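Okay, so here's the structure we're looking at.
The values are calculated or read from the model by the stated rules, or taken from the named source; none is laboratory data. The structure displayed is predicted, hence computed values, not measured ones. Cβ coordinates were reconstructed from backbone atoms using ideal geometry, including for glycine residues, and neighbour counts include every protein chain displayed. The area values use the complete protein model at the heavy-atom level, side chains included, leaving out ligands, DNA and RNA. Shrake-Rupley method; radii C 1.70, N 1.55, O 1.52, S 1.80 Å.
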Amino acid sequence: MISVGNEPFTVTVNGKPFAVVPYTIRNNDIVRFDSPATTNAAYLQDLKDDFDLLYAEAASRRRMMSISTHDRISGIPGRVKMLEEFIKYARKHNGVVFMRKDEIAKWALSASNVPHEG
């Protein structure tokens, strides 16, 4: 098994390539706003810090950041504002794109330089 970190990779399933899109519970609002709860400001800073490190690493290898939100948790005004601020922050950086996981999987299956576990 290879270690791929924050990057999509493929595996062979029933003789066909299958895309694996990494997921982290760290940036999931269910975890961050539950026990022990964090503030919107602290979560925003954590997102920026995670992004900054991944962006720096992306100078030498492809990186991906996953953020999971749920309408009943992050759909409240203060948290929507916090997420909007993070998106604006990330968009200021060259080369950053925002994609759904199905779009990432399709890309991983069509790209020639995606790591393969096998």
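For the range 102-118, give me each residue that is in a helix (DSSP H, G or I), in contact (Cβ under 8 Å) with a residue 24 or more places away in the chain and open to solvent by less than 80 Å² (accessible area, probe 1.4 Å).
Narrowing the range 102-118 to residues in a helix (DSSP H, G or I): 102-110.
If we keep only those that are in contact (Cβ under 8 Å) with a residue 24 or more places away in the chain too, we end up with 104-109.
The answer is Ile104, Ala105, Ala108.
When the test is whether a residue is under 27 Å from Pro115 (Cβ atoms), out of contact with any Lys or Arg (no Cβ under 7 Å at 6 or more places or on another chain), at pLDDT 90 or above and open to solvent by 70 Å² or more (accessible area, probe 1.4 Å), Phe51 does not pass it. Among the residues of the range 7-22, those that are of a type outside the set (Val, Ile, Thr), touching a residue at least 60 places away in the same chain (Cβ under 8 Å) and closer than 15 Å to Met64 by Cα comprise Glu7, Pro8, Phe9, Ala19.
Among Ile30, Ile73, which is open to solvent by 70 Å² or more (accessible area, probe 1.4 Å), in contact (Cβ under 8 Å) with a residue 40 or more places away in the chain, more than 23 Å from Val96 (Cα to Cα) and not polar (S, T, N, Q)?
Values: Ile73 fails: open to solvent by 70 Å² or more (accessible area, probe 1.4 Å).
Within the list Ile30, Ile73, the selection yields Ile30.
Does Asn6 meet the test of being surrounded by 13 or more Cβ atoms within 10 Å (Cβ to Cβ) and at pLDDT below 90? Don't jump to the end; show me each part of the working.
Numbers: surrounded by 13 or more Cβ atoms within 10 Å (Cβ to Cβ): yes; at pLDDT below 90: yes.
Considered against the rule, which asks whether it is surrounded by 13 or more Cβ atoms within 10 Å (Cβ to Cβ) and at pLDDT below 90, Asn6 comes out as yes.
With respect to (1) open to solvent by 80 Å² or more (accessible area, probe 1.4 Å); (2) at pLDDT 95 or above; (3) of a type in the set (D, E, K, R); (4) out of contact with any helix residue (DSSP H, G or I) (no Cβ under 7 Å at 6 or more places or on another chain), the lone exception for Glu85 is condition (4).
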